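Please treat every number below as a calculation from the coordinates, not as lab data. Keep in mind that what you see is a predicted model, and the values were worked out from it rather than measured. Virtual Cβ from ideal backbone geometry, glycine too; neighbours counted across all protein chains shown.
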Amino acid sequence: MPLQTSSDIDARPIKLSCNGIWKIFGDGGAQLLKQTNNAPQENDLIERSLIAAVRDASIEVREGEIFIIMGLSGSGKSTMVRCLSRLIEPTAGEVLFEGQDLLKANPKELIQIRRHKMGMVFQHFALLPHLTVLGNVAFPLEIQGIKRREREDRALEVIELVGLKGRETYYPRELSGGQQQRVGIARSLAVEPDIWFLDEPFSALDPLIRREMQDEFLRLQKMLQKTIVFITHDFDEAIRLADHIAIMKDGAVIQIGTPEQLVLNPATEYVAEFTNGIPRAKVLSVGSVMEPVMEPGGNDYSGRVFADIRLEELGGDILHADKPFAVIDRNDQIIGQVTRDVVLEVLVGSSSQSDT
Amino acid sequence: MTSRFTSWQIAWGVALSLAVVGFFLKDIAPWAFKYPRDWVFPLRFWISDFVKWLLNDFDLGLFTFKEFTRAISWLIELPYIFVRSLLSDGFREGQGSNAIQVFPRVSWIAVILFVIMIGRYARDWKLAALASGCFTYLAVFGQWDSAMVTLSSIIIAVPLGVVGGIMIGVLGYRSATFKAMIMPVLDLMQTVPVFAYLVPILILFGFGPVSAMIATVIYAMPPMVRITLLALSQVPEEIVEFGRMAGCNTRQLLWKVLIPSAKPALMIGVNQVVMLSLNMVIIASMIGAGGLGFDVLNALKRLRIGEGIEAGLAITLLAIALDRLSQGLANRPPPEHGSEVKNFAGRHPFAIAALGFMSLTWLIGLVLPAFQTYPEGLELTTGTFWGDTVRWLNINYFDQIDGFKNAVLLNFMIPTKRFLLSLPWPVVVGLVAMLGLQLGGWRLALLCGGMAFVIATLGLWPKAMITVYLCGLSVIIAAAIGIPVGIMAALNERFHRVIQVVVDTLQTLPSFVYLMPIVMLFRVGDFSAFIAVIVYAIAPAIRYTDHGIRRVPPHLIEAATQMGCSPWQILWRVRLPIAMPEIMLGINQTIMMALSMLVITALVGTRDLGQEVYIALTKADSGRGLAAGMSVAFIAIIADRLINAWSAKRKAELGLD
Ligand SMILES: Nc1ncnc2c1ncn2[C@@H]1O[C@H](COP(=O)(O)OP(=O)(O)OP(=O)(O)O)[C@@H](O)[C@H]1O
Ligand SMILES: [Mg+2]
């Protein structure tokens, strides 16, 4: 469930953005980019046995939103997020974090930014095997030179927050996968980061636990309101969590939009492929299927619904009502109406409507 | 007609015929049979001159090179003297016989108690019993003093080797350029026989424990460097990324993330350093390390078999104790929650126990001297027993033993030696190059042919051929015994377990120890060297065969069984061909070990490159020693590269990874 409307988010300041990012693995990538004016041909790359993992990618992440980068395995998601955090040096392009060019930061500044403003959760947890849960969670604070007492107090707080109270003295290998990732999450939150990177945090978990962790994640986000860059190759996960989704293919970002926009207007066949299998009721909002009000002034409605809730959340009411529902915006103004037939069409015809 | 042979077969036919024709050219081209003296490349003199210049004239600006080596000596000597006083000599004041003991050494009881504690900490009471049993032997059989001298060297050498190895490994991990620089050096150091670098060290640092220690550290460090490089590169990429994201600076990343994550793998390296140090400390008794190695050497020189065997046994037991203890420490299970202890005594049980034992035994020792030093009256000796046994064997079985020895020598060894020595060197160089060409292409051909050629230009050809002959024959026999044993071990679980213990033990023993019982039966000469090399080098042949056969994919065996193959057919047609690349790697290891052992067998009077190195050592001629040492290394590298190339080619053909 979106915590805010997309128009709401679009009004917020940009927290992190990147512009024309390239990452080419192999020697001579930068040279090639310069020669070809940032538009190398495919056979140029092959000839020099270079791999362009990220190609001319640009995204904007606004404050407090969950921005999801989606794509199949090998499409360059991890490389992209590592360019954003500068774990990998992009071959070209710029990364702006809170207005500052991250690529121009010197090593000292970078360390300071990472210590205080960034948190990251990894696919395979990346816990330090020789430290207990407490030690792991307190580690980023220890690196900053914070006194033992203080950092352990703070660590205990976040450990409780992720529901691992009582396991402080356990070692990572004594925990289940889900618990280990909770430690990973707690650890990345310990420094209260401004931006939170998660690289397929739940991919290594089995489906039931994954679901549980997604709920947990949403619960945390409701409390903390972090700016989040979240990577996944699972579209279901993406639409559950996302405010915005960027779809990547072969290193390029091919579409950015809200889940709804992607489902309604997929930019390419490739995006459509992703969205096909998705039950539309989960994605579409009432506003996107409403029709104009037929008889102005006529208030013969079974009830009222907000335009920005998803059809899925309407529940059974509308199916039993014979009169339409009024659709209202957040200012209580009626902006349209939905009928049972429309909703039924979406629900029944859901995933077979492959042609858009 | 030609279609029945591949082009390589034809090429080999032509080359071998040319080689035969070459034999008849002895009068026309005598230089091909005996490398002329005037053509010898004077490398060894250049090296000697260079070392002399280093020592006498090289000025580093602020200080001379000599002062530099002195400073290093002093740095190593100080802690060494301290540990040695603590364990062996006691602290004294004054010179020579006027010295008075200020404070006694640690009592033997305290040392044994401490060993028990380490054993218990590292694993369990069983290990504690084993290790302390070994140490008790040292006390009871009068080997304590020498053993403690040896142990002191190890206590100093191991931390130096470990820390140095980790530091170099870390530098290599951080800088690809540095890594590319050290890798060939590491390769070379593993193949240059240890004696070869004993000589320059001896000249630079003088005869004595410091030289021995430096040689030991240099010898034991390369595996630690390798293991560090490997262990660090095996730390999962995500963990490194996490460290960077947490904002670690370079130092924090190393000490708080990389090294702790790599610790289990690094500990395996520590075990290796301990074992290699022990091996080298024993060998380094030739340049003044003292201790157990010196006892063996002394006994060897004077042919006091009984004493030698006792000291050898002491080395063996010390090796077993150190190996099992360090392995136990390396494999200690990772901690579990709730196992952390907060108070001081709980966190430092060893320091406290050690101090406790030391002061307690010292106090009691004031009243009861037996607590301080194991009473001489209670010492046992088996020396006379061994001496008698050998005498008895030699009197009663002289004919059989000697007959066997002569039969092998006359029918097998001497003909091979004559044959190899009669080959003209350009032909051998050519054949080696051709083999390289076939197995790995031009670069390998150039490398192998070039190295063989250099050996000739150094004027060491005949000695190199003797090395090849001794090494080759021993490896053939080691393979002929080792491969079948390995096969049996692979096919029979119980036999496998027995063999495992035997092979483990063989690999723990310092090379020196092997000489003792062999010399006592066969006296000095090529034959003794031959047997010693076989026994020393057989372990990898067994181990790799065992492993290779076990790794044959089960579905292939199933398929073969299904096709109705008999067990023999499965062995010959399926298991062996598929395991062959791995078995060859084992043979490769066997060759490497054989070469390193050959240099040590120079002590029992062979006339190969090893002898050349040994003579150089006694004459402190660094050029001669290094030239001969390099030649041994070249032989090792040629064998290594050829076998690896073959094995890689074969594996690719079989589609194994
Ligand atoms: N260090 C590297 N050197 C060379 N190529 C690399 C490197 N890292 C990634 N690549 C290549 O870049 C491409 C993108 O990889 P990346 O790991 O970013 O994909 P991903 O979308 O995260 O995939 P996954 O879902 O499997 O994690 C892949 O083709 C990969 O092989
Ligand atoms: Mg990835």
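Data for the structure
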item	result
Size of electric dipole in segment B:139-259: Cβ of Lys, Arg +1 and of Asp, Glu -1, about Cα centre, debye, nearest 20	260
Stretch in chain B that is longest and holds no trypsin sites (Lys or Arg not before Pro) that DSSP places in a loop and that have at most 15 other beta carbons within 10 Å	B:35-341
Under 5 Å, built H, 5+ apart or other chain: amide partners of A:Phe306	A:Ile328
Other protein chain Cβ atoms within 10 Å, averaged over every residue that makes up A:128-136	4
Proxy reagent accessibility, fewest Cβ within 10 Å first, across A:Lys15, A:Lys117	A:Lys117, A:Lys15
Label-point separation, A:Glu313 to B:Arg37 (7 Å along Cα→Cβ), nm	10.2
Considering only the protein assembly as shown, percent of DSSP beta bridges that pair antiparallel, nearest 5	55
For chain A: rounded, prolate or oblate by the Cα gyration tensor [a/c cutoff 1.5]	oblate
Neighbour-count order for B:Val225, B:Val140, A:Val283, fewest beta carbons within 10 angstrom listed first	B:Val140, A:Val283, B:Val225
Charge dipole (chain B, unit charges on Cβ, about Cα centre) - positive-most of B:Met280, B:Phe453, B:Met413	B:Phe453
Along each principal axis, Cα extent of segment A:48-118, largest first, Å	35, 31, 18
Segment B:61-125 and segment B:588-657: distance between their alpha carbon centers, rounded to Å	35
Local net charge near A:Gln214, Cβ-Cβ under 12 Å (Lys/Arg +1, Asp/Glu -1)	-2
Residues of segment A:181-204 with amide N under 20 Å of the 7 Å Cα→Cβ point at A:His116	A:188-197
Chain B - percent relative contact order, Cα under 8 Å, separation 6 or more	18
Charge dipole magnitude, Cβ of K and R +1, D and E -1 - the protein assembly as shown, Cα centre, debye nearest 20	4100
Qualifying lysines (Cα of each under 24 Å from Cα of B:Lys405; at least 8 residues distant if same chain)	B:Lys301, B:Lys417, B:Lys463
FRET E, pair B:Phe65, A:Thr268, Förster distance 60 Å, beta-carbon r, rounded to 0.05	0.25
Cα gyration tensor shape for segment A:53-169, rounded if a/c is under 1.5, else prolate or oblate	prolate
Phi to ³J(HN,Hα) by Karplus 6.51 cos²θ - 1.76 cosθ + 1.60 over segment B:452-465, Hz, x for Gly, Pro	4, 5, 4, 4, 5, 5, 7, x, 10, 4, x, 5, 4, 5
Calculated from backbone phi, Karplus (6.51, -1.76, 1.60) coupling profile of segment B:543-551 in Hz, x at Gly/Pro	5, 5, 4, 3, 5, x, 5, 5, 7
Two-decimal ratio, segment A:128-184, of alpha-carbon radius of gyration to 2.2 N^0.38 Å	1.03
Options B:Met267, B:Val225, B:Gly306, ranked by Cα towards positive dipole end of segment B:166-313, top entry (Cβ charges)	B:Val225
Calculated log₁₀ intensity ratio I(q)/I(0) where the Debye formula runs over C-alpha points of segment B:463-654, q = 0.14, 0.15 Å⁻¹	-0.82, -0.90
Sites excluded, GluC sites (Glu not before Pro) in DSSP loops with at most 13 other C-beta within 10 Å, longest stretch of chain B	B:1-335
Computed over segment B:329-452: relative contact order in percent, which uses C-alpha pairs under 8 Å that are six or more apart	9
Column: log10 I(q)/I(0), Debye, Cα scatterers of segment B:41-154, q = 0.10 Å⁻¹	-0.55
Kirkwood Rh and Cα Rg combined as Rg over Rh, evaluated for segment A:14-83	1.03
Of B:Leu253, B:Phe68, B:Ala351, farthest towards positive along the dipole that unit charges on Lys, Arg, Asp, Glu beta carbons give chain B	B:Leu253
Rounded to whole Hz, the Karplus (6.51, -1.76, 1.60) HN-Hα couplings of segment A:243-248, x for glycine and proline	8, 10, 10, 10, 9, 10
Under-5 Å amide H pairs with A:Leu284, H placed in peptide plane, nonlocal only	A:Leu311
Other protein chain Cβ atoms within 10 Å, averaged over every residue that makes up B:69-76	0
Residues of type aspartates and glutamates that B:Lys34 reaches as a straight line, Cα spacing below 17 Å, ignoring anything fewer than 8 places off in the same chain	B:Asp608
Cα gyration tensor shape of the protein assembly as shown, rounded if a/c is under 1.5, else prolate or oblate by comparing a/b with b/c	prolate
GNM top mover of A:Glu47, A:Glu89, A:Glu109 - chain A, alpha-carbon springs below 10 Å	A:Glu47
B:Leu595, A:Leu218, B:Leu437 arranged by Cβ crowding within 10 Å, fewest neighbours leading	A:Leu218, B:Leu437, B:Leu595
Interchain or long-range residues, amide H under 5 Å from A:Met120's placed H	A:Phe197
Dimensions (Å) - segment B:166-313, Cα atoms, principal axes, largest first	66, 30, 22
Size of charge dipole - chain A - debye, nearest 20, with Cβ of Lys, Arg +1 and Asp, Glu -1, no other charges	1560
Calculated FRET value between B:Leu303 and B:Ala620, using beta carbons and R₀ = 22 Å, to 0.05	0.30
Chain B - Rg and Dmax from Cα coordinates, angstrom	27.2, 95
